[in-house]
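So the structure is just underneath, and the comments pick up after that.
Nothing in this text is a laboratory measurement; each read-out follows from the coordinates by a stated rule. Since this is a predicted model, take the numbers as computed values, not measurements. Reconstructed Cβ throughout: ideal geometry from the backbone, glycine too, with neighbour counts over all protein chains shown.
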Amino acid sequence: MKIKSFILAAVFFSGSSVIAYAQKGEVANAKKNYDSFVSLKEANSMQLAVPSLKTAKASVDKAVANEKTSTDPAAWTYKGLIYAEMALMDSVPATSKPIITESHAAYKKALELDKDGANKANLEHLNGALFSQYELNQGVKAYQANNFADAFISFNNALNYRPGDTTITYYAGLSAINSKNYDAGIKNYTELIKTNFSANNQIYLDLSRLYSIKGDTAKAISIAGEGALKYKDAALATQEIELSLMSGKQKEVITKIADQAQKDPKNKLYPYYLGIAYSTVGDVAKAEEAYLKAIAIDPAYSDANINIGGVILNKGIALYNEANKLPPSQQKEYDVAMKKASAEFDKAFPYLQKGSELDPKSRIALENLKTYYLVKKDNVKVEELVKKIEAL
């Protein structure tokens with residue numbers, strides 16, 4: 001009897017060891033099939049890789065459910081890895097979300113159990129690569145569907161797993177801007193210009209524009225100037241010039257415009273901007289000279305024709321007004337002044353006329369031409385121009 005009892009006890013304990021070993025085998029099987037999946041995936045053999053992942057999932061689900069291996073950090077690590085890969089293959093956000101949620105839960109459980117750090121490398125890969133890739137994929141899908149707010153959330157989530165990644169930072173900024181979340185766009189782009197991101201000259205330009213949209217013109221000019229100096233970029237230099245002209249900093253920007261005009265002598269914008277700057281600070285001769293250079297580059301440049309016509313017309317008006325202030329006793333001086341005024345009016349006319357022809361919807365061009373005909377006392381032309389202006 002004692003021998004039978006001893007044998008029975010031995011068989012019982014042997015059975016318990018076999019069960020535990022079997023569950024450990026499920027962990028090993030999950031690892032083996034997951035590794036096979038990764039190798040086939042890297043070899044672009046997804047058709048062969050998918051069955052390995054499915055087998056790995058079946059094994060890992062058994063392992064984490066069994067009390068013998070439910071506290072094994074390797075089991076939870078592989079569950080996290082396997083489920084993350086499954087979520088990455090699922091192109092439908094609604095169905096992939098629960099899968100990636102399970103992967104996150106498995107990752108958290110593995111971290112708690114992995115006291116000796118044996119699974120550290122796999123957990124870092126799961127957290128740093130797979131989770132970020134999932135969020136990146138979701139962001140791209142949302143962006144392509146014009147769901148820019150959702151895209152921003154996903155790209156921002158990806159940055160939590162891969163902080164400092166310049167490409168993801170750019171995508172997050174771009175999505176924020178497209179969803180009109182300008183503050184977030186500024187934040188992301190400001191981070192980018194601190195790095196060596198390959199497209200930082202464009203980032204500087206967009207950042208300047210963002211500050212301009214926000215109404216911070218001083219910051220917009222500062223950013224454009226910083227980028228122009230750093231990258232020797234013509235678009236940034238032009239941005240700085242344009243914003244400076246618009247904000248009344250004509251005097252401060254004259255030298256920068258002249259420098260750009262020297263670097264790019266075929267660009268009509270720079271002499272045109274120089275004309276605006278000189279005209280604003282009262283240097284009419286230099287303004288006229290600058291506008292003529294712009295017209296020499298492009299004779300059909302409507303804005304330059306309109307502006308030079310206006311500059312010369314104003315010279316004539318000034319002479320005309322001064323002449324009319326003279327007393328009757330200075331008839332000779334009056335005649336000389338009026339002759340000079342008339343000469344300026346006649347000099348302005350070709351530009352006034354051409355400007356209105358090149359841009360027939362320009363109120364400034366039509367008003368200036370009307371002023372010319374008023375001086376010339378051509379009432380028919382004045383009436384004609386009044387109708388055109390009213391029609392605008």
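List of remarks:
- Site pair Thr195 and Val336 shows an inter-label distance of 7.1 nm when each label is modelled 7 Å from Cα along Cα→Cβ.
- In this structure, the residue pairs whose Cα-Cα separation is over 24 Å, taken from Lys219/Lys361; Lys268/Lys347; Lys214/Lys249; Lys332/Lys377; Lys268/Lys388; Lys251/Lys286, are Lys219/Lys361; Lys268/Lys388.
- Across region 254-270, computed HN-Hα scalar couplings (Karplus, 6.51 cos²θ - 1.76 cosθ + 1.60, θ = phi - 60°) run 4, 4, 5, 5, 4, 5, 5, 5, 5, 6, 9, x, 9, 8, 5, 5, 5 Hz from first to last residue, x flagging Gly and Pro.
- For region 320-392: rounded, prolate or oblate by the Cα gyration tensor [a/c cutoff 1.5]: prolate
- The base-10 log of I(q)/I(0) for region 264-331, evaluated at q = 0.25, 0.26, 0.27 Å⁻¹, reads -0.98, -1.04, -1.09 [Debye formula, identical scatterers on Cα atoms, solvent excluded].
- Extension gain from Ala391 to Lys68, taking 0.36 nm per residue of separation minus the Cα-Cα distance: 107.5 nm
- Nearest-0.05 FRET efficiency for Glu252 and Lys120, computed from C-beta distance (R0 51 Å): 0.35
- When the chain is treated as a GNM with alpha-carbon contacts under 10 Å, the residue of Ile306, Ile317, Ile82 showing the greatest mean-square fluctuation is Ile317.
- Peptide packing: for 67-78, 256-267, the average count of neighbouring Cβ atoms within 10 Å per residue gives the ranking 67-78, 256-267, highest mean first.
- Amide H within-cut-off set for Ser247, under 5 Å, with H built and near neighbours excluded: none
- Residue of Ala63, Ala224, Ala158 that the Gaussian network model of the chain assigns the largest fluctuation, springs spanning Cα pairs under 10 Å: Ala63
- For the chain, Kirkwood radius (reciprocal of mean inverse C-alpha pair distance, Å): 27.8 Å
- Region 61-208: C-alpha gyration tensor shape, a/c 1.5 cut-off, then a/b vs b/c: prolate
- Modelled FRET efficiency - R0 41 Å, Ala235 with Asn314, Cβ distances, 0.05 increments: 0.80
- Contour minus Cα-Cα distance for Glu384 and Ala300 (0.36 nm per residue): 27.9 nm
- If the segment from Ser39 to Lys325 were pulled out straight at 0.36 nm per residue, it would be longer than the present Cα-Cα gap by 93.5 nm.
- Relative contact order for region 305-392, counting Cα pairs under 8 Å that sit 6 or more residues apart, in percent: 31 percent
- Pairs beyond 27 Å (Cα-Cα), from Lys293/Lys387; Lys108/Lys187; Lys325/Lys370; Lys266/Lys387; Lys266/Lys376: Lys293/Lys387; Lys108/Lys187; Lys266/Lys387; Lys266/Lys376
- Residue among Val281, Val336, Val253 with the largest mean-square fluctuation in a Gaussian network model of the chain, springs linking Cα atoms under 10 Å: Val336
- If you take all other residues with their beta carbon under 11 Å from the beta carbon of Gln202, and give Lys and Arg +1 and Asp and Glu -1, the sum is -1.
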